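Visitor: Following this message is one structure expressed as structure tokens.
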Amino acid sequence: MKALIYLGALLTLAGQPALLAQSNPLIFRGRVETDNRLLLRGENEWVWNENRLDLGIEKRANPLRIYGNIWLRHLGPSIVESSADLQDKGRINPIDADIRELYAEVYGFVFDELDLRIGRQRIAWGTADMFNPTDNLNPFDLEDILDFGRRMGSDAIDLQWHLSHQSSLQLVYIPRFQPASMPLGRFSDVLSVRAALPEVLAQAKYSDEIILPNNSLSRASSLGMRWRGFALNTDFSLSYTYSRDPLPLPAKVSIDIIYESDMAAGRPAVHATLIYPRHHIFGADLSGAIKRVGVWAEAALFLPESEIVAQVELPPHQLPFPVQGEEVVLKKQTYLKFIAGADYTTTGGSYINMQYLRGFIHERGREQLADYIFFQLNRHLFQNRLLIKPLSGGVSVSDRNSPFRNYSVFYAPEVSYLGVDNLDIGIGVYLFGGKGDGIFNNLKEMNMLRLRLTASF
Amino acid sequence: MRNTYSFKSSISPGSVFTVFAFLAVMCSLQEIMAQDAADVLRRMDDVVFAGEDQTSGIRLIMTDRSGNERVREAKVWQKGSNKRLFRFTSPAAEAGIAFLSLPDDVMYLYMPAYGRERRIATHVRNQSFAGTDFSYEDLEALRYSERFEASIAEEKDNHYILRLVPLPGTRSDYSEIIVTINREHYYPERMKSFDRGGQEYKIADYRFERKGDYWTTTEIRMTNLKRQHSTRMIFDDIEFDTGLDDDIFTVRNLTRY
């Protein structure tokens, strides 16, 4: 509902006579998408059903530009638990609205070389594909675990000073803290704190509470700056971010034994208190070419502002497993996440893209970082009517010392039909597997078929 | 031995002079012809890249071997002979996709869905640009005379026919281009390109019209002989010398969509 109000406000603002008087019309563009996935095993349960209107609205009245991007969606199955729920259309047909971006932008603000953008916006930093360790101002939007690169918009003030045609300085201030959204439905445990509990507590009843930072400038704001340049035929940038980790960490864990009426023996129950600690991030990236091969690299040095020690409260009686009174969750020491990649198009028209990543989005601290390789091979066929991705996936190794016992893989081939303008229909599968605790191995029960359609307007 | 002696003995000082004189004349002629060819190519460049700057709308009509058509529309800004910005305006799925070509093989692609530009390496030069029969190389704004060595392949009453081969150190996916140039006005009428294997690859047929002070391209029909697919690039709303600012050909402007 809030999104609809914003949408109405945007339309009203964009429709002001002063703006309409300009020669540039109000522009609507967007797409309609449906994304459906079902498990390949058992009774082929639906695990994802999303129908989305992705609407972009733009009004230009130089030097002013107003832009909004709103999602209106039907997401997931009916949530009906009693006959009373049948009177609630919101539960029968869950609808969700999301303001992805909503901002005003002024080109040449005060000075010709200065651009100002205020409002909810995406601040995309980095040069790599999908995985960008230096892209830390917008929180992750992990709702769809398979859409790793998605971020939410942040309410920000963004100033870009164009020092020359090839160099710029960007300053970003985000006054409010916004946590990352976490995976939905069947995927909800994949990146949760619960998933990081010791194996002995895997079956424990889990609950948690989140402590958000005070909603004040000093506690909740973030700051970023980035200098971009060009030298030796290479684009590069250096950046600094002072922000809060968008994924929560446990500050306190209480373990108890609960007894239910049908239980002779109790079972453990875990209650975690989660916080979002601050960190400094120093980033650098580059993109260029070696011979005819496109190359890019990106690195982010994370420095937690303080050590995070989780207080572990034990139950008053004996437990069958050892638990320390304190657990260091994150040391106050730097850790480096980085990615390097290359792409090439063969003379036959096949596009190949490979990336090596150290440190996935949820991994923090030197000890936690794992290695990943992502690969993709695309080829258009039948005069661009068909796009095939026969090799698309990734491999992770969570322990370099014993890679064959700690690896996970995913493979996601897809075929897309592009024979009609503005229409993209794709069918593919996601297959997961491995050994140990790699992220893709955690999804091994989720091998699925995906059918999606996108129509643009 | 006899033959050798006989051969040596048959060469008189006069005949040696004749041979050298003949070779010298041939070399000079070849040099003059090469010079002429280079000059013709430079003149063609002057026509193709006429004006300080140029802005135009473009309609791309792609036709497959069955005769099915798909249409793309774009806007192009060009300044000098080495800066060009190309931005799609339709269809909706591709609107906003833009390609910026700058000197020294620097190329950027902007895709609105990703919200940031992408530096693209030269491996894409031979690739189809957005499904058309034009490659990224075809859309670069670079003078032919600075990339190719020209020689006269044939002269006709109304045309020069030049053979172009890439200059040493030039990256091109064409091993050879045969270009037919209008003898009176020096605009290209046809370019036949050969791939690296020497096979016939593409044919571009040009239509030029006089617009004010300049001859300008109004249509290019590019036929990919391997794909049996063609694209007509039709230019409209052509404007010359409007004083385009260098700021247009920057990443700052590329990402403004």
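Visitor: So, in region A:291-309, of the ones that are touching a residue at least 12 places away in the same chain (Cβ under 8 Å) and within 14 Å of chain B (Cβ to nearest Cβ), which residue ends up farthest from A:GLU327 (Cα to Cα)?
Guide: A:ARG292
Yes or no, residue by residue, for (1) within 17 Å of B:GLN78 (Cβ to Cβ); (2) of a type in the set (Phe, Trp, Tyr); (3) in contact with a strand residue (DSSP E or B) (Cβ under 9 Å, 6 or more places away or on another chain):
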site	(1), (2), (3)
B:GLU155	no, no, yes
B:HIS159	no, no, yes
B:LEU162	no, no, yes
B:THR170	no, no, yes
B:GLN199	no, no, no
B:GLY212	yes, no, yes
B:THR216	yes, no, yes
B:LYS226	no, no, yes
B:ARG232	no, no, yes
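Visitor: Report the residue count in region B:103-114 for those that are within 9 Å of chain A (Cβ to nearest Cβ) and either farther than 30 Å from A:GLY56 by Cα or touching a residue at least 40 places away in the same chain (Cβ under 8 Å) (or both).
Guide: Count: 5.
Visitor: Pick from B:ARG210, B:ARG196, B:ARG252: which is out of contact with any Ser or Thr (no Cβ under 6 Å at 6 or more places or on another chain), loosely packed, with under 15 Cβ neighbours inside 10 Å and free of Cβ contacts under 8 Å to residues at least 60 places away in the same chain?
Guide: After ruling out the rest, the residue left standing is B:ARG210.
Visitor: Do we have B:GLY51 as of a type outside the set (A, V, I, L, M, F, W, C), within 12 Å of another protein chain (Cβ to nearest Cβ) and over 22 Å from B:LEU164 (Cα atoms) here?
Guide: Criteria not met by B:GLY51.
Visitor: Further question on the same structure: Got a sec? Which of A:TRP125, A:TRP71 is in a strand (DSSP E or B), within 14 Å of chain B (Cβ to nearest Cβ), modelled with pLDDT of 90 or more and within 17 Å of the chain's Cα centre (by Cα)?
Guide: A:TRP71
Visitor: Within region B:123-133, can one find any residue that is among the aliphatic types (A, V, I, L, M) and buried (at least 21 other Cβ atoms within 10 Å of the Cβ)?
Guide: There is at least one residue in region B:123-133 that is among the aliphatic types (A, V, I, L, M) and buried (at least 21 other Cβ atoms within 10 Å of the Cβ).
Visitor: Report, by residue number, each residue of region A:413-457 that is assigned to a loop (DSSP other than H, G, I, E, B), out of contact with any Pro (no Cβ under 7 Å at 6 or more places or on another chain) and without any contact (Cβ under 8 Å) to a residue 60 or more places away in the chain.
Guide: Selection gives A:LEU418, A:GLY419, A:VAL420, A:GLY436, A:ASP437, A:PHE440.
Visitor: Let me ask something additional. Specify which of the listed residues (B:ARG70, B:ARG65, B:ARG118) is over 22 Å from A:ALA342 (Cβ atoms), within 12 Å of chain A (Cβ to nearest Cβ), more than 22 Å from the chain's Cα centre (by Cα) and assigned to a strand (DSSP E or B).
Guide: Criteria check complete, one pass: B:ARG70.
Visitor: Among the candidates A:ALA220, A:ALA180, which residue alone is in contact with an Asp or Glu (Cβ under 8 Å, 6 or more places away or on another chain), small (Gly, Ala, Ser) and closer than 30 Å to A:LYS252 by Cβ?
Guide: The unique qualifying residue is A:ALA180.
Visitor: When region B:81-102 is examined, which residues are found to be within 14 Å of chain A (Cβ to nearest Cβ) and in a loop (DSSP other than H, G, I, E, B)?
Guide: B:ASN82, B:PRO91, B:ALA92, B:ALA93, B:GLU94, B:ALA95, B:GLY96, B:ILE97
Visitor: Okay, next question. Just checking, does region A:81-104 include any residue being crowded, with 16+ Cβ neighbours inside 10 Å and touching an Asp or Glu at 6+ places or on another chain (Cβ under 7 Å)?
Guide: Among the residues of region A:81-104, not one is crowded, with 16+ Cβ neighbours inside 10 Å and touching an Asp or Glu at 6+ places or on another chain (Cβ under 7 Å), which makes the answer no.
Visitor: Collect the residues in region A:256-283 that are aliphatic (A, V, I, L, M) and either within 31 Å of the chain's Cα centre (by Cα) or modelled with pLDDT of 95 or more (or both), keeping them in residue-number order.
Guide: Those that are aliphatic (A, V, I, L, M) and either within 31 Å of the chain's Cα centre (by Cα) or modelled with pLDDT of 95 or more (or both): A:ALA269, A:VAL270, A:ALA272, A:LEU274, A:ILE275, A:ILE281.
The values are calculated or read from the model by the stated rules, or taken from the named source; none is laboratory data. Please read these numbers as outputs of a predicted model, since none were measured by experiment. Methodologically, a virtual Cβ is constructed for each residue, glycine included, from the backbone with ideal geometry; neighbour enumeration extends over all protein chains shown.
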